[in-house]
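What follows is a single structure, written as C-alpha cells, with notes after it.
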Amino acid sequence: MKRFIRYALECLICFILVKFFDSCNWFSADNQLDSVSNQMTQLYRDGEFRMSLNLDKEPYDTVRDGLAREMYTKVRILCWIMTTPKNHWRKARHIKNTWGNRCNRLIFISTETDNRLPTVKVPALEGYDTLWGKTREAFRYIYQHHFHEAEWFLKADDDSFVILENLRFYLSNFNTSDPFYFGHKFKAYIKSGYMQGGSGYVLSKEALRRFVEIGLENPVKCNDTEWPEDVQIGICMENLDCKGMDTRDSYGRDRFLPISLETHLTLGIVDDTWLWEMHPSFYPVQKGFDCCSDTAIGFHQLTPNQMYLYYYLIYRVNAYGIQDIRTEIQSKPQLPPDVNFQALPFSGPSTSDLIWTKRLKKREKMELEKYPQSEPETSSLSENLQRR
Ligand SMILES: *[C@@H]1O[C@H](CO)[C@@H](O)[C@H](O)[C@H]1NC(C)=O
Ligand SMILES: *[C@@H]1O[C@H](CO)[C@@H](O)[C@H](O)[C@H]1NC(C)=O
C-alpha cells in the first residue's frame, strides 16, 4: 500500500513538472516552427508562391508583380548564405522557406555536405575564427561555377533577412562592370570603412572578379590571416580599388540594418547609452522611425520564428485601400547623401566592445536552448522538401 502511494505521488509530481515545462513553451518552440514550415511547403506545392530554386522558374505573379518580375530578370542576384553544420536545420532551412527563394540563385556555404538544403561544402575549417577562409573559398567557388548567372553577389548570414526587391531597386542605379561593394558601413580598422557582415554585403561582378583573380593570389592586397571576415574583405576591397558605397536613402535612413530591427527602431527611446556606445557606424545613426528606409534591404539578428514573421509582414499583409505609389513617382532610387565620399566618419561616443560581446553571447545561449540542432524524429519536412 505504502509503495503504491509513493508511486502515485511520484506520478503526480512528474505530471505537474511536465505541465509546467510545457506551459513555459521550452520544449514546444521547435514543433510550432515545424508546423509553420510545413505550411510554407504546402503553399509552394499549391502554387500560391511560384517559387523555385531553378533559374527558369520565377517567384513572381505575372500580373500582380509586374515590376518586381521585370527587375528579377534584369538585376539578377546570387545569394550565398554563410552557415555551419549546427545551423543547417536550426536556421538555414527557414531562409530557404522565406526570402531565399527570391534570389535568382541561392547557395548555402558550409563545411559539411547536407542534401536537405543542399549545401556546398568548401575546403575550410569550421569555427567562428575561421570565417575568413570560408568566405574566400565561397567566393572562389561562386566565381568558378556561377559567375555568369548573376550581375550581383550577396553574402548574408543564416540570421539575416533580405528584401530582394528593394535590393534590386537600389542596385539598378549602378553598373556591375564597375568595382562596387555595398552594405552597412562601419568606421573601425579601415580609413574608408568596411561593410558589417550581418545584414549582408554585395559585390558587383567587377569587384568579385578582382577579389578572386587578384586578391586571392595576393596576400599583400588581401591578407590571408584569420581576422573577422567582414573587416578582411573590407581591407581587401579598399586595396583593390573597389568603392564601398553609401547605401542610405536620400534622407540618410539606413537600408542595411546591422543590429535587430527592434533595437534600431527604439534607438534613443529605450536604452540610449549602450546603443550609441556599441554602434560604430561610419555615418550617423538616426533615431526612432528615421532609423530605417522605406526601401530597406538587409536585416540582422532574426530568430528562425522571425523569418516567418517578417515574411508575412512584407509579402502577405497589406493595409486595405492604401496603394504603393512609389513605383509611379520614382523609377530610380534617389542618391544617398554621401555619393561622392565627402563625409567624415561619424564621431559618436567610443565603441565599447565589451557590452556588445556580452549581449551577443547571451543571445546565442538563449537561441541554442530554444532551437535544437537536429531534426526531430517525427518530422518529415526535410523528406517533403527533398521529394519535391
Ligand atoms: C557599364 O560599363 C561598361 C564598361 O565600363 C560599359 O561597356 C557598359 O556600356 C555600361 N553599361 C551601362 C548600362 O551603362
Ligand atoms: C597579415 O596580417 C597579419 C596579422 O594582422 C600580419 O601579421 C601580417 O604581416 C599581414 N600580412 C601581410 C602580407 O600584410
Practice task
Within the range 145-163, track down each residue that is in contact with a Gly (Cβ under 9 Å, 6 or more places away or on another chain) and of a type in the set (A, V, I, L, M, F, W, C).
Solution key: L154, A156, F161, V162, I163
Problem - Residue selected from the range 212-255 under the condition out of contact with any Pro (no Cβ under 8 Å at 6 or more places or on another chain) and away from ligand 2 (no atom under 16 Å from the Cβ), by the criterion nearest to L78 (Cα to Cα) - result: V212
Exercise for the section: Within the range 358-372, identify whether any single residue is at pLDDT below 75 and not in a helix (DSSP H, G or I), and answer yes or no. Expected result: yes
Exercise for the section: Please verify whether the range 212-222 includes one or more residues that are touching a Phe, Trp or Tyr at 6+ places or on another chain (Cβ under 7 Å) and assigned to a helix (DSSP H, G or I). Expected result: yes
Practice task
Look through the range 191-229, keep the residues that are away from ligand 1 (no atom under 16 Å from the Cβ) and of a type in the set (D, E), and return whichever of them is least open to solvent (accessible area, probe 1.4 Å).
Solution key: E229
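The values are calculated or read from the model by the stated rules, or taken from the named source; none is laboratory data. Only a predicted model underlies this, so the values are computations on that prediction, with no experimental measurement involved. Reconstructed Cβ throughout: ideal geometry from the backbone, glycine too, with neighbour counts over all protein chains shown. Just so you know, the surface numbers come from the protein's heavy atoms only, side chains and all, with ligands and any DNA or RNA stripped out. Shrake-Rupley method; radii C 1.70, N 1.55, O 1.52, S 1.80 Å.
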